[in-house]
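The values are calculated or read from the model by the stated rules, or taken from the named source; none is laboratory data. As the structure is a prediction and not an experimental result, all values here were calculated from the model. Glycine gets a Cβ as well: all are built from the backbone with ideal geometry, and neighbour counts include every protein chain shown.
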Amino acid sequence: MELTDAGLVARVLVDDDQHAFGELVRRHQSTVRGLLRQLTRGDFALADDLAQDAFVRAYKNIRGFRGEAKFSTWLYRIAYNCFREDARRRKELVGINEEQWQAEQDPQTVDPGLRHDLMHALSLLPLHERSAILLCCQNGLSHDEAARVLEIPLGTVKTNVLRGREKLKKTLAVWAQ
Amino acid sequence: MNEQIEQDWLDRKLQEAAPYIEDDGFTARVLQQLPTPQLRWQFLRPLILVGMSAFASALTYVLSDGGRFLLVEMFKLTTIPTLWVVAFALASGMLVMAGGIFAAMSKTAHLES
């Protein structure tokens with residue numbers, strides 16, 4: 001029988017079982033790396049470096065996981081913190097402003113293909129809206145869980161999701177018809 | 001197209017746009033970066049306890065003139081009524097059992113959480 005995440009975490013806690021932690025990494029690497037790839041606007045190498053850092057941090061701080069939230073939510077929070085710290089270092093934390101976003105709505109700049117358009121539209125969103133959209137709409141977290149990951153109030157998450165969705169819908173209006 | 005359908009469509013497309021990323025050695029690289037597990041205190045604790053007990057016993061033996069007090073105390077023990085000895089043994093057994101049950105329950109609760 002396959003162990004649950006909580007069971008694997010218990011093995012890491014009790015026996016320092018690195019194989020159990022390896023299984024946790026295997027289970028969650030795709031979503032964590034995917035989230036970071038989107039947050040870094042498609043910089044795969046940077047995203048993978050941040051994901052590695054996030055998993056190593058998770059291992060070192062696994063005693064801080066109290067089981068109050070899902071393991072994946074706890075992991076997203078660490079990954080997001082890694083991204084935020086790196087962004088601060090690179091001084092790229094501030095997302096592009098509204099004027100810039102509006103200016104980039106020129107249809108000539110958008111390549112064909114829904115997926116490409118969607119990724120492009122996502123990358124144009126300010127960081128706070130992009131993060132909320134990725135966590136809630138793409139990774140299926142509740143607003144409450146996303147608020148924990150992003151360490152912002154629940155109301156702010158809801159607003160960010162709403163605004164992000166509106167912008168995405170506006171950009172992808174042609175595809176939705 | 002109403003609001004809810006539009007929202008569902010967008011969420012579905014967002015989920016479809018995030019395909020599974022193959023591991024390609026990622027997990028192995030993470031495991032290589034993990035710190036090596038350190039020798040834990042749990043392994044050292046019994047060794048320290050046994051060592052300290054042996055040292056204390058040897059010291060007591062030497063300082064008490066070859067353990068003469070032990071003979072005196074053993075003689076005193078023989079004068080204790082049998083009923084007291086039985087009661088003491090029972091009480092000790094129950095105390096140890098209660099301790100074991102408490103430890104097992106704490107460990108189970110910890111693993112379940």
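Consider the stretch A:112-134 and keep the residues that are free of Cβ contacts under 8 Å to residues at least 40 places away in the same chain and of a type in the set (D, E, K, R). The one that is farthest from the other protein chains (Cβ to nearest Cβ) is A:Glu129. Among the residues of the stretch A:1-29, which ones are in contact with a helix residue (DSSP H, G or I) (Cβ under 9 Å, 6 or more places away or on another chain), assigned to a helix (DSSP H, G or I), surrounded by fewer than 20 Cβ atoms within 10 Å (Cβ to Cβ) and within 10 Å of another protein chain (Cβ to nearest Cβ)? Passing the criteria: A:Ala6, A:Gly7, A:Ala10, A:Arg11, A:Leu13, A:Val14, A:Gln18, A:His19, A:Gly22, A:Glu23, A:Arg26, A:Arg27.
Residues that are more than 9 Å from chain B (Cβ to nearest Cβ) and either at positive phi or surrounded by fewer than 20 Cβ atoms within 10 Å (Cβ to Cβ) (or both) within the stretch A:162-177 comprise A:Leu162, A:Arg163, A:Glu166, A:Lys170, A:Ala173, A:Val174, listed in sequence order. Selection of the stretch B:23-40 for residues being over 18 Å from A:Leu50 (Cβ atoms) and either touching a Lys or Arg at 6+ places or on another chain (Cβ under 8 Å) or surrounded by fewer than 10 Cβ atoms within 10 Å (Cβ to Cβ) (or both) yields B:Pro35, B:Thr36, B:Gln38, B:Leu39. Checked against (1) within 13 Å of chain B (Cβ to nearest Cβ); (2) under 22 Å from B:Gln32 (Cα atoms); (3) touching a residue at least 24 places away in the same chain (Cβ under 8 Å); (4) among the small types (Gly, Ala, Ser), A:Ser72 passes all but a single condition, namely (1). Looking across the stretch B:34-52 at every residue that is at pLDDT 70 or above and assigned to a loop (DSSP other than H, G, I, E, B), the one that is nearest to the chain's Cα centre (by Cα) is identified as B:Pro37. Scanning the stretch A:30-69 for residues that are in a loop (DSSP other than H, G, I, E, B) and more than 9 Å from chain B (Cβ to nearest Cβ) turns up A:Thr40, A:Arg41, A:Gly42, A:Asp43, A:Asn61, A:Phe65, A:Glu68, A:Ala69. Of the residues making up the stretch B:2-37, those that are among the small types (Gly, Ala, Ser) and more than 7 Å from chain A (Cβ to nearest Cβ) are B:Gly25, B:Ala28. Within the stretch A:137-161, residues that are over 16 Å from A:Leu122 (Cα atoms) and away from chain B (no Cβ under 14 Å) have Cβ atoms under 7 Å from residues that are in a helix (DSSP H, G or I) and among the charged types (D, E, K, R) in these pairs: A:Arg148/A:Arg77; A:Val149/A:Arg77; A:Leu154/A:Asp144, counting only partners at least 6 apart in sequence or on another chain.
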